[in-house]
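What follows is a single structure, written as structure tokens, with notes after it.
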Amino acid sequence: MKYLGSYKKLFTSEEIISFCALTGDTNPIHTNNGFAKDSGFDGCVVNGALGLSFAISFLIEKLDNSEGVVIFESRSLYKKPVIVDTELYFHIVEEMLGLGGSVGTYVVYLSPQETLDPQKLGIYFHKHSISLKFA
């Protein structure tokens with residue numbers, strides 16, 4: 001396991017509303033604070049797909065050889081909802097490189113902690129495993 005770095009991100013209400021409009025997601029849990037709270041959350045919930053898209057973007061940005069890269073698999077575990085206006089960190093970890101470096105598997109953890117403790121990897125909101133094929 002090789003730690004590649006992290007990015008800090010705050011998802012705003014405006015981003016969520018724009019993402020919902022773009023994707024056609026009409027679930028009020030993302031845009032209606034009262035509805036989200038009545039549903040048992042602390043506020044509006046960030047779309048899982050939006051978190052995944054930022055995870056992929058941050059991962060690609062961290063890679064030295066990302067030109068022509070193809071995503072051939074991604075798996076996501078949504079352990080805890082991310083609430084709008086919560087500051088969190090995207091921690092990027094290289095898990096495996098194979099086939100002479102032409103294939104890589106990476107994990108992006110969304111966490112409230114500024115640093116990623118390898119002994120406490122269970123403290124995260126989302127975990128995105130992303131496999132890439134390099135050109």
(message) I want the local charge near Phe11. Using Cβ-Cβ distances under 13 Å, sum +1 for each Lys or Arg and -1 for each Asp or Glu among the other residues.
(response) -2
(request) Provide the gained length on full extension for the span Thr105 to Ile71, in nm with one decimal, where the gain is 0.36 nm per separating residue minus the Cα-Cα distance. (result) 11.2 nm
(request) Just flag the chymotrypsin sites (Phe, Trp or Tyr not before Pro) in the stretch 35-72 sitting in loop per DSSP whose Cβ has no more than 16 other Cβ atoms within 10 Å. (result) Phe41
(request) Multiply the residue gap between Asn33 and Lys2 by 0.36 nm, knock off their C-alpha separation, and tell me the result in nm, one decimal place. (result) 7.3 nm
(request) Starting from the eigenvalues of the Cα gyration tensor, five times each then square-rooted, give me the equivalent ellipsoid semi-axes of the chain, largest first, whole Å. (result) 29, 17, 11
(message) If the reach is capped at under 15 angstrom between alpha carbons, list the aspartates and glutamates near Lys120, excluding any in the same chain fewer than eight residues apart.
(response) none
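FYI, it's all coordinate maths here, none of it is from the lab. Source: prediction; values computed, not measured. Cβ sites come from the backbone with ideal geometry, for glycine too, and all protein chains shown count toward neighbours.
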